[in-house]
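The values are calculated or read from the model by the stated rules, or taken from the named source; none is laboratory data. Fair warning: this is a prediction, and the values are worked out from it, not measured in the lab. Heads up, the Cβs are rebuilt from the backbone with ideal geometry, glycines too, and the neighbour counts pull from every protein chain shown. Side chains are part of the model used for accessible areas, which takes the heavy atoms of the whole protein and leaves out ligands, DNA and RNA. Shrake-Rupley method; radii C 1.70, N 1.55, O 1.52, S 1.80 Å.
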Amino acid sequence: MERSFGKSMVWLHSWAGVVLGGLLFAVFWMGTLSVFDREIDRWMMPQTRLAPGTQSISLDRIARTANATVPAQARQWRVDLPTERVPVLRFSYQDSGGDIIARQLDPETYAFIPNQGTKAGTGFIFPFHYSLHLKWQDLGKWLVGLAAMTMLALLVSGVIIHKKIFAQFFTFRPNKRLQRSSLDLHNLTGVIGLPFHFAIALSGLIIFMTLYFPQAHWGAYGSSKQANKAFTAEAYGRFARPKANTRGTLASLDAMVHRAEREWAGGQPYFVRVWHPGDANSYVELRRSYARDITMNMDQIYFDAASGKVLHRFEAAPVMTLQRFISGLHFIQFEHWALRWLYFLAGLSGCVMIATGFIFWLEARRAQHAKKGLAGVRLVEGLTIGSVTGIMSATLSFFIANRLLPLSISFAGVERAELEMWAFYLMWIAAFAHAWLRPGRAWREQASIIAGLSVLAVLLNWLTTGDHIAHALATRRWAVAGMDLMLLATAMLAVAAARRLGQRAREFAAPIGPSVPVRGERKHG
């Protein structure tokens, strides 16, 4: 019975990883980059590389800009205030058709910054992590949820399979055969990152609990549209009142901010939104910042726009506060650089764990499949290479396109931001094709491509902006310097990987004799 259970866990661990490992790697890769999505924004949006502001922000002055900019029939306009990681003001409004038009402002001069023509980290990389940019019927979020459930199953089954966890924590033999060293590294990264990987997968599911498990609130509120509105209002906070369709005024937003800071005992807003601008029933919404908190709080205060009187105040109930705490652990929006780097390294360990799991599966079956004339290894190897080195090359192509494309470019009706995304997806598709067309050589060649693209991205940043690493450090543009240094580190790791893979080219392309099972381990699958 125990042996049968162990075999079933081996089967589950092997085939769940093979079937969904590519999706898991994409989610982990983009999630890891999302830890520094705002820093990626600075690199990809050169005109937002501003020094921290030296004067306090005047929302009343921004309101005058809004009055001259926002169309008369706009539903609302909003200002997101600068932070330590985002040195610009973000100004947006929703037009009568429901479309959001967003611009950025210099917090010193209040002048509009030219459109940077990119979705960058916060607009492309971060949404890819949780939605894969597949919006139809929330398909992307469902696939990511499936990936999270798979990760939990892989972690639990992995612990059951590998009973000698403590010994494996100290075991890594890089000079052994590829099958052995990849399994060592798979076990090592799995053990070191186990608490993080489990917490990040589980919290990802909890964040979208209303999508994956709507029955929880349907049981209490019902499933009708009106019931859903009641749940949303109680869980997330909502205040609304209809337009009066008569002309109104806007009192001092700065005074409202000061009142909110007193109500929040020193807490500051991170955005201010004016609903029904110019109407007699206009009202102002302020949300409290969580830059210094783990919990992504839902604290809100609503003011009457004309008088500045408090209309409504909301704080989340305990259950929702717990959900927002878990969300904060996952999204790491709080400003703590040491923890941010730990998250980044833990995310990379997840990527390594997934990639080495693939490699071990391949090496354990390569000779056996070749002897029997099976195409399984070649199929999975192409999937692995495209999923691992392919998405890395695609990401670098995204960065390079950002530095090469002129701001005003448009092709066949496609704007610059979409062209950058095209560069990503076309490179990713090409990586899969290359992997299947060049078996035995694709690993080494794609590692070399990653090294070349990384260096090219650094050089293009220097040539197009003048911000080489020394200049970025001298001017305290830490995000830009950090991005370039990480690209160079990627290049060095890729060169080392390409050299190592070159030494093992024969092992990849033409194994001799049957595969030797790894001593002390059960044969997977």
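Numbers for the structure displayed
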quantity: Residue among LEU419, LEU405, LEU453, LEU459 that alone is open to solvent by 70 Å² or more (accessible area, probe 1.4 Å) and in the same structural domain as ALA494 (by TED's automatic domain parsing); calculated: LEU459
quantity: Residue pairs meeting the criteria (Cβ under 6 Å; at least 6 apart or on separate chains; first over 16 Å from ARG340 (Cα atoms) and among the basic types (Lys, Arg), in region 196-207; second at pLDDT 90 or above and open to solvent by less than 50 Å² (accessible area, probe 1.4 Å)); calculated: none
quantity: Single unsatisfied condition, ILE391 versus (1) surrounded by 15 or more Cβ atoms within 10 Å (Cβ to Cβ); (2) over 29 Å from LEU23 (Cβ atoms); calculated: (2)
quantity: Filter result (touching a residue at least 60 places away in the same chain (Cβ under 8 Å) and either open to solvent by less than 20 Å² (accessible area, probe 1.4 Å) or touching a Phe, Trp or Tyr at 6+ places or on another chain (Cβ under 9 Å) (or both)) within region 258-288; calculated: PRO269, TYR270, PHE271, VAL272, ARG273, VAL274, TRP275, HIS276, PRO277
quantity: Matching option when the condition is surrounded by 18 or more Cβ atoms within 10 Å (Cβ to Cβ) and either assigned to a strand (DSSP E or B) or touching a Phe, Trp or Tyr at 6+ places or on another chain (Cβ under 9 Å) (or both), among VAL86, VAL79; calculated: VAL79
quantity: Conditions (1) over 14 Å from MET44 (Cβ atoms); (2) exposed (fewer than 15 other Cβ atoms within 10 Å of the Cβ); number of the one not met by THR464; calculated: (1)
quantity: Restricting region 472-483 to residues that are part of a helix (DSSP H, G or I) and open to solvent by less than 70 Å² (accessible area, probe 1.4 Å), the residue that is modelled with the lowest pLDDT; calculated: ALA472
quantity: When residues of region 203-222 are limited to those that are open to solvent by 70 Å² or more (accessible area, probe 1.4 Å) and touching a helix residue (DSSP H, G or I) at 6+ places or on another chain (Cβ under 9 Å), the one modelled with the lowest pLDDT; calculated: ALA220
quantity: Helices (runs of 4 or more DSSP H) wholly inside region 277-388 containing at least 2 residues that are within 19 Å of the chain's Cα centre (by Cα); calculated: 318-331, 337-372
